[in-house]
1. Among the residues of the range 60-99, which ones are among the basic types (Lys, Arg) and at pLDDT 95 or above?
2. Looking at (1) under 23 Å from Pro87 (Cβ atoms); (2) of a type outside the set (Gly, Ala, Ser); (3) surrounded by fewer than 19 Cβ atoms within 10 Å (Cβ to Cβ), which is the one condition that is false for Ile291?
3. So which of Ser17, Ser116 ends up being without any contact (Cβ under 8 Å) to a residue 24 or more places away in the chain, closer than 28 Å to Tyr138 by Cα, surrounded by fewer than 18 Cβ atoms within 10 Å (Cβ to Cβ) and among the small types (Gly, Ala, Ser)?
4. Out of the residues in the range 189-220 that are in contact with a Lys or Arg (Cβ under 8 Å, 6 or more places away or on another chain) and part of a loop (DSSP other than H, G, I, E, B), which is surrounded by the fewest Cβ atoms within 10 Å (Cβ to Cβ)?
5. Exactly one condition in (1) surrounded by fewer than 17 Cβ atoms within 10 Å (Cβ to Cβ); (2) at pLDDT 95 or above; (3) out of contact with any Asp or Glu (no Cβ under 8 Å at 6 or more places or on another chain) is false for Arg223; which is it?
6. Could you please find all residues in the range 280-296 being touching a residue at least 60 places away in the same chain (Cβ under 8 Å) and either among the aromatic types (Phe, Trp, Tyr) or under 19 Å from Thr198 (Cβ atoms) (or both)?
7. Within the set of pairs 6 or more residues apart or between chains, which connect a residue that is assigned by TED's automatic domain parsing to the domain that holds Gly170 and within 15 Å of Glu128 (Cβ to Cβ) inside the range 60-73 to a residue that is small (Gly, Ala, Ser) and surrounded by fewer than 21 Cβ atoms within 10 Å (Cβ to Cβ) with Cβ atoms less than 9 Å apart?
8. Which strands (runs of 3 or more DSSP E) sit wholly inside the range 135-188 and have at least 1 residues that are over 27 Å from Lys247 (Cβ atoms)?
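The values are calculated or read from the model by the stated rules, or taken from the named source; none is laboratory data. On a predicted model such as this, the values are computed, not experimentally measured, just so you know. Reconstructed Cβ throughout: ideal geometry from the backbone, glycine too, with neighbour counts over all protein chains shown.
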Amino acid sequence: MDFKAMGATASKSDSASRNTVLGRVLQDDTDFVCYQCALLDQTEQYAFDAVLNNLDYARRMAGAETVNMHLTMGMKGGRAEIATVAPYQEKRNKKKNPELAYRVTRLREMLANHKSSRFIPIVNISQEADDSLRQMQYARIQTHGLQSSVMRSGDKDLWFAEGLHMEDSGRFYTVDGYGWTEYREVGNVKPKLIGQGTSWFWHQLVMGDTADNIPGLPEISGRLLNRYVPTKTYNPRRKASACGEAKAVAMLKGVKSDNEAAMRVMEAYQETYGMIGAVEMLVEQAFLLWIRKTNKLTEVITFLRESGLNVTFSKDQITRLKAYGEKVKEQAKLS
């Protein structure tokens, strides 16, 4: 898709725009846009212009005055340090497509140094763009109200972030509270699992996130399979089997609150890891999946406790997060 041409066309068409809302900001996942507009068959400058045209097109669709361009240019908010079951984001190895990786890096660098009255770079050195997206959306809602901030991201991890969201089509939707997760027809060969609100977070805790190499719960016990995915004939010796989308949906079917979801998910982790190991494994996966709305590393623990789970970081996890904290301090010295 030629975003440079699309932006030029959009500038001539009122149909692509909403009326501008005074003070509204588009919180944009510009990491995602850099991949979309890398355009390896074009020059670096052409790709950069394509990114800016894409952002301005989105700004007009959102009815926003300005765009916060959220960029990841450093550490991952402690996720790489705390991951023990599988290396965080290992599948995004730069060696697989070094040309694409270099182009995206260059676009991020160019955007980080491109500041105007319309486009403001939000450069993340110690955390991911996902985190700053939610943090700035949440903070703006608190000070200026729901209509003041709109989030645009192609990353499903942000489906549980509160506030107004905008799809690439320009459609708005509002996320608030527990929400829902279900299969829907979206034009694919088969229905796609989508969700909104913290319901999506609980589903990810079970099924994981393959894009970020987060395994979630590796299997569901035979006892719970009999409860959530029953067969025609009850099998008391039914064996455990691997989790996935369908089993996550079955396990959380009918759930309407974080407290109910928490109880079901923790029970499943206990069946797999035992009473002691379950807490550490659930906390690890939750930390990896949780997008923070503040800069507190303990925020996910607070959420889990509010949902009824008496959990905390293990000694090993505390040590790992301290190591991350030291890296942040060293980076600050270099900045």
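1. So the first thing to find is which residues in the range 60-99 are among the basic types (Lys, Arg), and the list is 60, 76, 79, 91-92, 94-96.
Result: Arg60, Lys76, Arg79.
2. So Ile291 meets the others, but not (3).
3. On the way: Ser17 fails: without any contact (Cβ under 8 Å) to a residue 24 or more places away in the chain.
Selected residue: Ser116, the only one of Ser17, Ser116 that is without any contact (Cβ under 8 Å) to a residue 24 or more places away in the chain, closer than 28 Å to Tyr138 by Cα, surrounded by fewer than 18 Cβ atoms within 10 Å (Cβ to Cβ) and among the small types (Gly, Ala, Ser).
4. Pro191
5. (3)
6. Of the residues in the range 280-296, the ones touching a residue at least 60 places away in the same chain (Cβ under 8 Å) are 281-282, 284-295.
Result: Leu282, Glu284, Gln285, Ala286, Phe287, Leu288, Leu289, Trp290, Ile291, Arg292, Lys293, Thr294.
7. Met69/Ala112; Leu71/Ala112; Met73/Ala112
8. Passing ranges, in order: 149-152, 163-166, 172-175.
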